Amino acid sequence: MIRIGIIGYGYWGPQIVRNFCSLEDCEVGVVCDKSAAALRRAKQAHHSMQVSSDIGETLSAPNLDAIAVITPVWTHFELAKAALENGKHVFVEKPFTSTAAQAEELIELAEKKNLRIMVDHTFLFTGAVKKIRELVDEGALGKLFYYDSTRVNLGLFQHDVNVIWDLAPHDLSIMDYLIKDKVEAIVATGERHLNGHEDIAFITVYFENNIIAHINVNWLSPVKVRTTLIGGEKKMVVWNDLEADEKVKIYDKGVKITSREGVYDLLVSYRSGDMWAPRVEQTEALKAECSYFIDCIKNSKTPFNDGHAGLKVVKMLEAATESIRERGKIVRI
Ligand SMILES: NC(=O)c1ccc[n+]([C@@H]2O[C@H](COP(=O)([O-])OP(=O)(O)OC[C@H]3O[C@@H](n4cnc5c(N)ncnc54)[C@H](O)[C@@H]3O)[C@@H](O)[C@H]2O)c1
């Protein structure tokens, strides 16, 4: 039985508590939050749950094997570091840390103490992303051309980070999972309208081998959109995460250049074949992820969404931040 303490019971914390509670080989030992109102909500949802506002006591509790850090981004480093120093495995929310240097320090500390770090890149555990990864791995899409994502809705405005640090970690972690080629450079533009943080942003990621990605993140959209296009030489995917049943659609569409005898002699032929929607696993991603964390602890396995995966995302976020400050300067990774 692995015993976990969960710090942070705001918007996302209840999902984490519910999912760890649902696992057979895990027990939630305590829910800790500095807010009394949050602890009252935790107690209402889980009557017999031990709750605490004492962060130091939670981090060092001898009966806990692991700590989940579900607090705002700027607190991740301090809390995760203290947990590791106290010999606890850590599950940390995305984005892993506020800087790459902090992420590197946590990775080193965990390695020295032989402890696991898992960064909550929830989408990697969804049926849709697993299916797309399968298609990429088996070569069904052919050489990848692009990843193009729209992730927009009205709010939830964050107080400590801009829309890039809030929403783009999802796409950056998905891209890192699907695309094996290295990221070369990032360009980001965006604007602030309300609370001093960018609330709309456009990020372009250049990969090796002519793969390009574009991410549109926006807290000021009247409608919620979660649509990603992934274009390959052989097939193209449309993933609409808001669709109940057919989230992933594969289009047998493409373009073929049949002559390269000078620019005026290019013969372009278009292929427009079938579209189909493969069966996509429906289990709750977060439950699968929490269960995987417990499994990694029990069997001393390094999770694929470990500190290094978290660090790659933070490096891209840092590059995007640098680029946005200079109105779209190209930043090499
Ligand atoms: N994986 C996902 O899909 C997903 C979704 C939403 C949020 N998140 C992440 O979860 C984290 C929390 O986001 P949220 O929306 O729940 O934030 P929130 O502000 O709603 O909740 C944070 C909670 O942490 C508590 N807290 C803050 N500092 C603390 C400290 N030092 N010690 C103890 N408690 C403290 C606050 O009182 C609050 O109850 C963020 O990193 C966010 O990026 C991830």
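Which links in Lys112/Lys298; Lys224/Lys249; Lys43/Lys224; Lys182/Lys329; Lys131/Lys182; Lys249/Lys301 stretch past 26 Å when you go from one Cα to the other?
In this structure, Lys43/Lys224; Lys249/Lys301 exceed 26 Å between Cα atoms.
Legend: calculated FRET efficiency, Met1 to Ala37, from the Cβ-Cβ distance at R0 = 45 Å, rounded to 0.05, equals 0.90. The value of relative contact order for region 189-333, using C-alpha pairs under 8 Å at least six residues apart, is 13 percent. Remark on Asp120: its backbone amide H falls under 5 Å from those of Val92, Glu93, Lys94, a criterion applied only to residues 5 or more positions apart or on other chains, H modelled at 1.01 Å from N.
Each peptide in 208-214, 79-85 gets a packing score, the mean of other Cβ atoms within 10 Å over its residues, and the list from highest to lowest is 79-85, 208-214.
As a rough guide to protection, the peptides 163-174, 247-258 ranked by mean Cβ packing within 10 Å, highest first, stand as 163-174, 247-258.
Based on alpha-carbon positions alone, could you give the equivalent ellipsoid semi-axes of the chain from the gyration tensor, as √(5λ), descending, whole Å? Let's see the in-between values first.
On the way: eigenvalues 286, 96, 73 Å².
So the equivalent ellipsoid measures 38, 22, 19 Å along its semi-axes.
Accessible area of Ile70 (1.4 Å probe, protein heavy atoms only, ligands and nucleic acids ignored): about 20 Å².
For the chain, the longest principal axis of the C-alpha atoms and the axis of helix 100-112 are separated by about 60°.
Around the amide H of Arg3, modelled in the peptide plane, lie the amide H atoms of Glu27, Asp65, Ala66, all under 5 Å away and 5 or more residues distant in sequence or on another chain. Working note: Karplus 6.51/-1.76/1.60 with θ = phi - 60° gives region 71-79 the couplings 10, x, 3, 5, 9, 4, 4, 4, 5 Hz, where Gly and Pro are set to x.
Which of the peptides 304-313, 267-276 is most tightly packed, and how do the rest follow, going by the mean number of other Cβ atoms within 10 Å of each residue? Mind showing how you got there, number by number?
On the way: 304-313: 21.6, 267-276: 10.0.
The most tightly packed comes first, giving 304-313, 267-276.
On the chain, 51 percent of the accessible area sits on carbon and sulfur atoms, based on a 1.4 Å probe.
Counting only alpha carbon atoms, the long axis of helix 163-178 and the longest principal axis of the chain meet at about 70°.
So for Thr228, Thr71, what's the accessible-area order with a 1.4 Å probe, most first?
Most to least solvent-accessible, the answer reads Thr71, Thr228.
Backbone amide hydrogens, once placed in the peptide plane, bring Cys32 within less than 5 Å of Ile6, Ile7, Gly8, Ser52, excluding anything fewer than 5 places away on its chain.
In order along region 84-94, the Karplus-derived 3J(HN,Hα) couplings, from 6.51 cos²θ - 1.76 cosθ + 1.60 at θ = phi - 60°, round to 5, 4, 8, x, 9, 6, 10, 10, 10, 5, 7 Hz, and Gly and Pro are given as x. Taking every protein chain into account, the accessible area of the chain amounts to 48 square angstrom per residue (probe 1.4 Å).
The values are calculated or read from the model by the stated rules, or taken from the named source; none is laboratory data. Quick caveat, the model's predicted, so the values are computed rather than measured. Virtual Cβ from ideal backbone geometry, glycine too; neighbours counted across all protein chains shown. These area figures cover heavy atoms from the full protein model, side chains too; ligands, DNA and RNA do not enter into them. Shrake-Rupley method; radii C 1.70, N 1.55, O 1.52, S 1.80 Å.
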